[in-house]
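**Q** Before anything else, here's the structure in question.
The values are calculated or read from the model by the stated rules, or taken from the named source; none is laboratory data. Everything quoted here is computed from the prediction, not taken from an experiment. Here the Cβ positions follow ideal geometry from the backbone for every residue, glycine too, while neighbour counts run over all protein chains shown. For the accessible areas, the whole protein counts, side chains as well, though only heavy atoms, and no ligand, DNA or RNA atoms are used. Shrake-Rupley method; radii C 1.70, N 1.55, O 1.52, S 1.80 Å.
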Amino acid sequence: MKIALCIKQVPDTTDIKWTEHNTIQREGVESVINPYDTYAAELALNLKSQIEGSHITVFTMGPTQAESMLRKTMALGCDSAVLISDKKFAGSDTYATGLTISRAIRTVMPDFDLIVCGQFAVDGDTAQTGPAIANFLDIPQVTYVKDCIDCSDKNLTLTRELEDGIETVKVSTPALICVMKQDFETCRAKINGIISAAKKPVRICTMEDIGLTPEKTGIKGSPTYVSKAFRNVSTHNAKKYKMNTADSVQLLRETIEKHSGGCDE
Ligand code: FAD
């Protein structure tokens, strides 16, 4: 199975700061692999271990320093890496990002079977990039993926984590999946993996390499713009308690009584 894994570099902070142009400030902030993408990588590596002859190429669209993140992912067992990087990509919104990544995959890996993305990037948090890539490549997509319970080159049986339960779906390849975060810790690179990843080449794809023009990517190729960015301040007087079940039932009862003058159940 030929797998394209998409990973994004995100700031290693919950305190996101904004530039004067309403884009996320990345300078002077440590970067890490988007947490959802570490689970996407884990799922891709599991598939590789189950389907003989599989190959994982990891893609990221970002500045040149994102190369170190690609090497970290190769150290886990991914086979090759592509850095989609060009100053002309700056200012891309999710539409332009989806188009650019889809073009890079089609250029480097036209015979891919599966594209694996994270469900969300913790900085932008739109969850639009995976579906946009699938749309531009005209392939089926499965979002909110929790696990793959059966796989072959041609079909995957996946579980999806939904608000009201777990759904099982079957999809035929080529397809794109967006993977949720899980409760377990993802695997860490071993020293041999780190040494071999350091020696592997990283292919750079520029705008010309993937056949795009400035009208299709970057600021000009982005139909949306951020007019205002602000931190949401809760107006609710919410409180968080840590207590056992009996105490929490009592507290709930007292609170309902206080606000409604009594409760039946
Ligand atoms: P999501 O859609 O939530 O990510 C889901 C998954 O898609 C990830 O888990 C990952 O698997 C994959 N993915 C997402 N992004 C990438 C990537 N870059 N490479 C590989 N895989 C990826 N951001 C900037 O850094 N610089 C800018 O100048 C900039 N300008 C912008 C201008 C506008 C008008 C807008 C609307 C956004 C801009 N952004 C910019 C944000 C940028 O568009 C998003 O970061 C990007 O499209 C990904 O969206 P997201 O963060 O919501 O990811």
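**Q** Taking the solvent-accessible surface of protein heavy atoms with a 1.4 Å probe, what is the per residue accessible area of segment 145-265 in Å²?
**A** On the way: 9580 Å² over 121 residues.
Accessible area per residue, segment 145-265: 79 Å².
**Q** Follow-up question, since we're still on this one. Tell me, what HN-Hα J-couplings in whole Hz come from the Karplus equation 6.51 cos²θ - 1.76 cosθ + 1.60 at θ = phi - 60° for each residue of segment 170-179, using x for Gly and Pro?
**A** Calculated HN-Hα couplings, in order: 10, 9, 9, 8, x, 8, 10, 10, 10, 9 Hz.
**Q** Same structure, new question: Using just the C-alpha positions of segment 2-216 as equal point scatterers, what log10 of I(q)/I(0) does the Debye formula give at each q in 0.09, 0.13 1/Å?
**A** -0.33, -0.71
**Q** What number, in nm² with one decimal, is the all-direction average of the projected area of the convex hull of the alpha-carbon atoms of segment 44-170?
**A** Values: hull surface 33.3 nm².
Directional mean of the projected Cα hull area for segment 44-170 stands at 8.3 nm².
**Q** Excluding residues on the same chain fewer than 8 positions from LYS216, give the lysines whose Cα lies under 18 Å from its Cα.
**A** Within the straight-line limit of under 18 Å, LYS216 reaches these lysines: LYS87, LYS88.
**Q** So which of LYS170/LYS240; LYS8/LYS199; LYS154/LYS181; LYS8/LYS240; LYS200/LYS220; LYS146/LYS190 end up more than 30 Å apart, counting from Cα to Cα?
**A** Working: LYS170/LYS240 40 Å; LYS8/LYS199 22 Å; LYS154/LYS181 25 Å; LYS8/LYS240 33 Å; LYS200/LYS220 34 Å; LYS146/LYS190 25 Å.
Exceeds cut-off: LYS170/LYS240; LYS8/LYS240; LYS200/LYS220.
**Q** A further question follows. Roughly what would the spin-label model give for LYS239 and GLN182, points 7 Å off Cα along C-beta, in nm?
**A** The two pseudo-label positions are separated by 3.9 nm.
**Q** Okay, next question. Would you mind working out the magnitude of the charge dipole of the chain relative to its Cα centre, with +1 at each Lys and Arg C-beta and -1 at each Asp and Glu C-beta, to the nearest 20 Debye? Walk me through the numbers before you get to the answer.
**A** Numbers: 30 positive and 34 negative charges, 165 e Å.
Roughly 800 debye for the chain.
**Q** Which of the listed residues, ILE84, VAL10, ALA246, is farthest toward the dipole's positive end in the chain, when Lys, Arg count +1 and Asp, Glu count -1 at the beta-carbon?
**A** Sorting the options by dipole projection puts first ILE84.
**Q** Related question: Roughly how many percent of the accessible protein surface of the chain is carbon and sulfur, given a 1.4 Å probe and a whole-percent answer?
**A** Details: 7990 of 15880 Å².
For the chain, the apolar C and S fraction of the accessible surface comes to 50 percent.
**Q** Further question: List every residue whose amide H lies under 5 Å from the amide H of ILE204, counting only residues 5 or more places away in sequence or on a different chain, with H placed 1.01 Å from N in the peptide plane.
**A** The list, which skips near neighbours in sequence, is LEU83.
**Q** Rounded to the nearest 500, what is the 222 nm mean residue ellipticity of the chain from helices alone, with -39500 (n - 2.57) per DSSP H run of 4+ residues and division by all residues?
**A** Numbers: 6 runs with 74 residues, N = 265.
Dividing the helical sum by the residues of the chain leaves -8500 deg cm²/dmol.
**Q** Label SER68 and ALA246 with points 7 Å out from Cα along Cα→Cβ: what is the distance between them in nm?
**A** A separation of 5.3 nm, rounded to one decimal place.
**Q** Grab every C-alpha pair in segment 126-177, bin the distances at 10 angstrom width from 0 up to the longest one, and report whole percents.
**A** Using 10 Å bins, I get a P(r) of 26, 51, 23, 0 for segment 126-177.
**Q** Find how much the distance from SER196 to LYS154 grows on full extension, using 0.36 nm per residue of separation minus their present alpha carbon separation; answer in nm with one decimal.
**A** Working: separation 42, 0.36 × 42 = 15.12 nm, distance 3.04 nm.
In short, 12.1 nm is gained.
**Q** Oh, and also: Report the antiparallel proportion of the DSSP beta bridges in the chain as a percent, rounded to a multiple of 5. Don't skip to the answer; put the middle values down first.
**A** Working: 17 of 42 bridges.
Antiparallel: roughly 40 percent of the beta bridges in the chain.
**Q** Given H placed 1.01 Å from N in the peptide plane, which residues other than close sequence neighbours of ASP147 have an amide H under 5 Å from its amide H?
**A** Correct list: THR159.
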